[in-house]
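To keep things clear, I will list the structure first and then write my remarks on it.
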């Protein structure tokens with residue numbers, strides 16, 4: 001039963017007393033630290049998808065789940081198979097453009113990055129380029145960049161981000177904040193649904209919120225996806241190359257961008273032809289989600305569940321060494337903060353939760369292949385341990401606070417549902433306040449495992465920290481300036497070989513974050529009804 005937002009708020013005030021909050025057991029710092037230091041050790045080789053380190057991590061997690069006393073989530077097993085396809089672009093592949101009798105050969109890595117998600121080892125074809133603005137088809141926003149144009153057999157060129165707000169419509173597409181329609185993943189998926197020959201995204205740092213090096217690095221490595229239809233070719237165009245291609249067809253990029261901000265925009269044939277020749281190495285990889293259960297104590301409510309999630313994977317081992325900590329060469333992406341921290345926190349939380357079951361069942365889930373595109377959580381949502389209609393919430397942990405205790409806690413995305421009201425009560429009970437909401441200008445809500453639950457209609461959010469937001473907008477209990485600087489400084493370590501465990505870390509903030517998440521989970525697990533989406537939220541109407 002999901003209560004209305006008003007009814008749930010009333011029930012919260014009656015049930016979430018100090019005694020109720022105290023029911024959640026206490027998370028142990030030594031236990032969390034022990035798991036963190038080991039999972040981030042070179043022994044686990046960066047916990048890479050499709051690599052030996054990933055297999056070791058799965059074995060470690062299922063062993064720990066059994067030792068803790070969690071019940072297997074999938075029949076007699078803690079493992080859930082995730083069938084993944086790995087694709088690596090091979091030498092000799094090319095995308096060449098022709099316009100007005102001219103041949104344009106972009107430099108791979110500098111002007112363009114590309115690959116296939118078709119599952120085919122060899123592809124050779126020609127296709128015209130079609131500019132489709134933002135590539136958005138959003139009935140809820142009364143927006144359609146495709147109109148009635150047939151895009152089959154064409155390579156779509158599109159902008160990243162959402163249509164921008166105007167003085168007449170300041171709140172369209174959430175104003176300045178990102179929506180799901182702005183994410184690159186949505187745009188590639190929409191191209192597949194439309195039956196296009198491919199999709200190329202125009203990169204700018206402001207629109208994507210990261211530099212060109214991010215997609216360039218991503219496409220230079222093996223890419224992973226779940227089985228299913230995919231684009232014959234997909235990738236990114238550097239803005240300078242996009243400008244060159246538009247000009248070759250007789251168009252001005254900026255002028256077409258301006259047209260694409262209007263509702264009456266229609267796709268534009270760029271008068272540019274692409275000749276695609278792709279050779280790819282394809283392999284099938286079996287990875288595993290790991291999950292254990294603390295059965296609920298209530299005879300009826302135990303059929304419902306709260307999920308705690310935190311991905312176990314990172315980037316693994318690279319083929320070549322890069323500059324790591326203290327300038328030494330390193331080829332292991334240890335991923336201490338991202339996300340050995342969350343993985344360890346969930347283990348420490350589960351070790352305590354088994355000692356004192358809540359009324360509803362609690363599921364501790366470690367998804368695979370988050371770094372590859374939230375693949376493990378997507379697989380779980382398709383085949384959950386507890387039906388999604390009976391899943392009260394997903395509380396996700398990703399990249400935890402390593403700089404000390406704070407006086408507040410981040411709950412970005414919780415405001416979409418009554419989880420926000422519950423979080424406020426829980427925070428108050430811990431002597432905390434909720435951190436001020438920050439506009440989601442980079443689409444963070446859509447970039448962690450909780451989002452697959454939200455897409456399926458389950459209230460969910462990432463229990464945030466200043467690490468995840470990367471901006472230091474949190475109030476530290478001690479030496480705020482120095483602690484905040486540590487978190488801001490983590491940006492240089494994010495997805496680099498320098499994200500390594502340090503024995504001198506103050507994990508009090510990490511434990512605090514884990515404790516808040518467990519307290520919140522217990523509050524939800526013991527409440528009379530399940531959380532509900534706020535009226536008007538787009539995910540509130542998603543059907544399971």
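Data overview
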quantity: Residue-averaged 222 nm ellipticity for the chain, from DSSP H runs of 4+ at -39500 (n - 2.57), nearest 500; calculated: -8000 deg cm²/dmol
quantity: Per-bin percent of Cα-Cα distances, the chain [10 Å]; calculated: 4, 18, 28, 26, 17, 7, 1, 0
quantity: Peptide ranges 374-382, 434-442 listed from the most packed, as the mean C-beta count within 10 angstrom indicates; calculated: 374-382, 434-442
quantity: Estimated distance in nm for a label pair at residue 492 and residue 220, the labels positioned 7 Å out from Cα along Cα-to-Cβ; calculated: 2.0
quantity: On Cα atoms only, tilt of 239-248 relative to the major axis of the chain in degrees; calculated: 30
quantity: In degrees, nearest ten, helix 508-526 long axis to first principal axis of the chain (Cα); calculated: 80
quantity: Antiparallel bridge percentage (DSSP; both residues within the chain; nearest 5); calculated: 60
quantity: Cα centroid separation - region 158-230 against region 76-117, whole Å; calculated: 16
quantity: Value of D in µm² per second that Stokes-Einstein yields for region 490-544, Kirkwood Rh from Cα pairs, at 20 °C (1.002 mPa s); calculated: 140
quantity: Inter-centroid distance (Cα atoms) of region 233-260 relative to region 346-378, Å; calculated: 44
quantity: Sorted by Cβ neighbour density within 10 Å, fewest at the top, the residues 455, 147; calculated: 147, 455
quantity: Spin-label proximity, residue 227 to region 348-386 - amide N less than 16 Å from point 7 Å beyond Cα toward beta carbon; calculated: 376, 379-380, 382-383
quantity: Range of Cα positions in region 105-146 per principal axis (Å), largest first; calculated: 38, 25, 18
quantity: With Cα atoms, 0 to 90° folded angle of helix 5-15 axis to the chain main axis; calculated: 30
quantity: Cβ-based exposure ranking for 79, 405, 47, 262, in which fewest neighbours within 10 Å come first; calculated: 262, 405, 79, 47
quantity: Cα-based equivalent ellipsoid of region 87-282: semi-axis lengths in Å, sorted from largest, via gyration tensor; calculated: 26, 19, 16
quantity: Residues 238, 450, sorted so that the one with the fewest Cβ neighbours within 10 Å comes first; calculated: 238, 450
quantity: Region 302-394: relative contact order as a whole-number percent, Cα under 8 Å and 6+ apart; calculated: 47
quantity: Taking all pairs of distinct alpha-carbon atoms in region 244-382, Kirkwood radius in angstrom; calculated: 20.2
quantity: Normalised contact order of the chain, rounded percent, pairs of Cα under 8 Å and 6 or more residues apart; calculated: 22
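Read the figures in this text as sums done on the coordinates, not as results from a lab. Keep in mind that what you see is a predicted model, and the values were worked out from it rather than measured. Here Cβ is always computed from backbone atoms with ideal geometry, including for glycine, and neighbour counts include all displayed protein chains.
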